Amino acid sequence: MDLGRHLRYFLTVAREGHFGEAAVELGIAQPALSQSVRRLERELGVTLFDRSRRRVELTPAGRLLLPQARELVAAHARLRESMRRLAQGELQTLRAAVPPGTPATALRGLVQEMAHHAPGLEVDLCAMAGTPLLRALTGGTVDTALLTAPFEGEGLVGHPVHRAPLGAVLPRGAAPPHGTAVDLADLAGHDLVLPQRATAPVWFEHVLAVCREHGWVPPRVREAENTDFLLGLVLAGRGAALETADTAAREPRLAWRPLARAPLYRRTEAVRPAHAPHPAAAAFAEAAARVLADPPANSEALTLPQGQRPWSRVYGEGPITLPG
C-alpha cells in the first residue's frame, strides 16, 4: 500500500470536510478517493470519518491520526526532496530563509560566518515569513529559517539565537524624557501598530495578550507590511509601536523607550525539521547566534537606570499624547 498517498488523501478530506471537494482539489475521481480512504481504514482497522452527515467529520480515531498523518506526509516530502537533491548533487547548498527587512549587515554576517565555518558550502538566502515559510520548511524546499518565537509548525524544532527587549516607539515630541520607562497602561486609548498578523500569527496574538494583561486594549490594531511603513505610521501619529531599539533607530525622528517591568521580548529561533535536517542546519543556527549577538547601534539607553521608576509615575503627566 502506498501509505504516503493514502495519508495525503485522508488529510485533504479532513481539511475539506467533503469527499467531492477533496477529489476536485486532488484532481482525481471521487470514487477513487473514497476507495483510497476505505483501504486506509481497513489497513488501520478503524473508521476515520463519520459519513452520516452532508459534510463528513473526523471520528475519534481520525482526530488521533490527523497530527501524525501530517508529520508523516511532511517527512515523506522531505525525504523525497532530500533524495532528489542528493541525486543532483545539491546537498552542498543550504537553503536558508530570513525575515523580510533583515538588515544588510546581518545578511553579510551570516554569509561570512558560514563561509568561515563551513567552507565549500553555498548558502542560498531568501526572504520569507509566515505560513508560506512554515510550509516550505515542512515540505523540504527550505532547509532552515530564522523565525520569531512562539510559532506553530508540526515536525519543526527551533534553536534560540537571539532575544531583544521591546520598547515603546513614539514620535520624539510625544515621548517621555530620555532614560525613563513607559508602562503599557500609559498607552491606553491609542492604536497599536504591529507587523502583519500573517508574518507571525502566534507572535501577533502573544503581543496583544500581553498588552491586555498590562492594561492596554488598543482601540485599533494597524498592521504594517514592512518596517518602513510601521515607522511611518508611528511618525504620522497613527499609533504607538512595540519594537526593538535598533528598529526604532532607523528613523531619527522617533524615540524608543523601555517598557516598565520589561514584559515583552522578541525571541528569534533558527528553525529546522526535527527529522533528517540538512547537515549544515545546526551550523547556521550557531552562525546566526554569533551574528545577532552584536549589540544594536543606537544612542538610546536599552535599560532603565537603577532606581528609576516608570515615566507616568515620576512625572505625573498622565497617559502619553500622540500627535494627530
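Can you tell me the 0 to 90 degree angle between the C-alpha axis of helix 104-117 and the longest principal axis of the chain, rounded to 10? The angle comes out near 60 degrees.
Pick out, from 142, 219, 244, the residue whose Cα sits farthest towards the positive end of the charge dipole of the chain, with +1 on the Cβ of Lys and Arg and -1 on the Cβ of Asp and Glu. Projecting each Cα onto the dipole axis, the largest value belongs to 219.
Mind jotting down the distance between the C-alpha centroids of segment 178-220 and segment 1-31, whole Å? Result: 41 Å between the Cα centres.
Around the amide H of residue 260, modelled in the peptide plane, lie the amide H atoms of 182, 183, 184, all under 5 Å away and 5 or more residues distant in sequence or on another chain.
With all pairs of different C-alpha atoms in the average, the Kirkwood value for the hydrodynamic radius of segment 77-224 is 18.2 Å. Dividing the convex hull volume of the alpha-carbon atoms in segment 197-284 by its residue count gives 144 Å³ per residue. Close amide H partners of residue 265, meaning residues 5 or more places away or on another chain with modelled amide H under 5 Å apart, are 166. Charge dipole (Cα centre; +1 on Lys/Arg Cβ, -1 on Asp/Glu Cβ; no other charges) of segment 3-86 amounts to roughly 160 debye.
Of 112, 30, 196, the residue with the greatest mean-square motion in the GNM of the chain, using alpha carbon springs below 10 Å, is 30. Computed over the chain, the per-residue total of -39500 (n - 2.57) for DSSP H runs of n ≥ 4 gives a 222 nm mean residue ellipticity of -12500 deg cm²/dmol, rounded to 500.
Seen against the Cα atoms of the chain and their longest principal axis, helix 281-292 is set at about 10 degrees.
Shown is the FRET efficiency for residue 225 and residue 15, computed with R0 = 30 Å from the Cβ-Cβ distance and rounded to the nearest 0.05: 0.60. Phi angles of segment 191-208 translate, via the Karplus equation with coefficients 6.51, -1.76, 1.60 and θ = phi - 60°, into HN-Hα couplings of 6, 10, 9, 10, x, 3, 4, 4, 5, 8, x, 5, 5, 4, 5, 5, 4, 4 Hz per residue; Gly and Pro are given as x.
Remark on residue 276: its backbone amide H falls under 5 Å from none of the residues 5 or more positions apart or on other chains, H modelled at 1.01 Å from N.
On full extension, the segment bounded by residue 236 and residue 64 gains 56.9 nm, given 0.36 nm per residue less the C-alpha separation.
Residue by residue, segment 211-224 carries 3J(HN,Hα) couplings of 4, 4, 4, 9, x, 10, 10, x, x, 8, 10, 9, 9, 10 Hz when phi is fed to the Karplus relation 6.51 cos²θ - 1.76 cosθ + 1.60 (θ = phi - 60°); x denotes Gly or Pro. Site pair residue 157 and residue 122 shows an inter-label distance of 2.9 nm when each label is modelled 7 Å from Cα along Cα→Cβ. The GluC sites (Glu not before Pro) of segment 106-201 that DSSP puts in a loop, and whose beta carbon has at most 15 other beta carbons within 10 Å, are 152, 154.
What dipole magnitude, in Debye to the nearest 20, does the chain give about its Cα centre under +1 on Lys/Arg Cβ and -1 on Asp/Glu Cβ? Can you show the working numbers first?
On the way: 36 positive and 33 negative charges, 125 e Å.
Approximately 600 debye in magnitude.
Please express the Cα-Cα pair-distance distribution P(r) of segment 3-86 as a list of whole percents, one per 10 Å bin, running from 0 to the bin with the greatest distance. Cα pair-distance distribution for segment 3-86, in percent: 18, 50, 25, 6, 1. Projecting label points 7 angstrom from Cα along Cα→Cβ for residue 111 and residue 213 puts them 4.0 nm apart. For segment 165-182, putting each phi into the Karplus relation 6.51 cos²θ - 1.76 cosθ + 1.60 with θ = phi - 60° gives couplings of x, 9, x, 7, 9, 9, x, 4, x, 9, 7, x, x, 4, x, 10, 10, 10 Hz, in residue order, rounded to whole numbers and with x for Gly and Pro. Annotation: average projected area of segment 116-188 is 8.9 square nanometres, based on the convex hull of Cα atoms across all directions. Checking (1) 129; (2) 166; (3) 143 against the coordinates, the calculated volume of the Cα convex hull per residue in Å³ falls under label (2).
Coordinate-derived values only; no laboratory data. Please read all numbers here as calculations on a predicted model, not as lab measurements. Cβ coordinates were reconstructed from backbone atoms using ideal geometry, including for glycine residues, and neighbour counts include every protein chain displayed.
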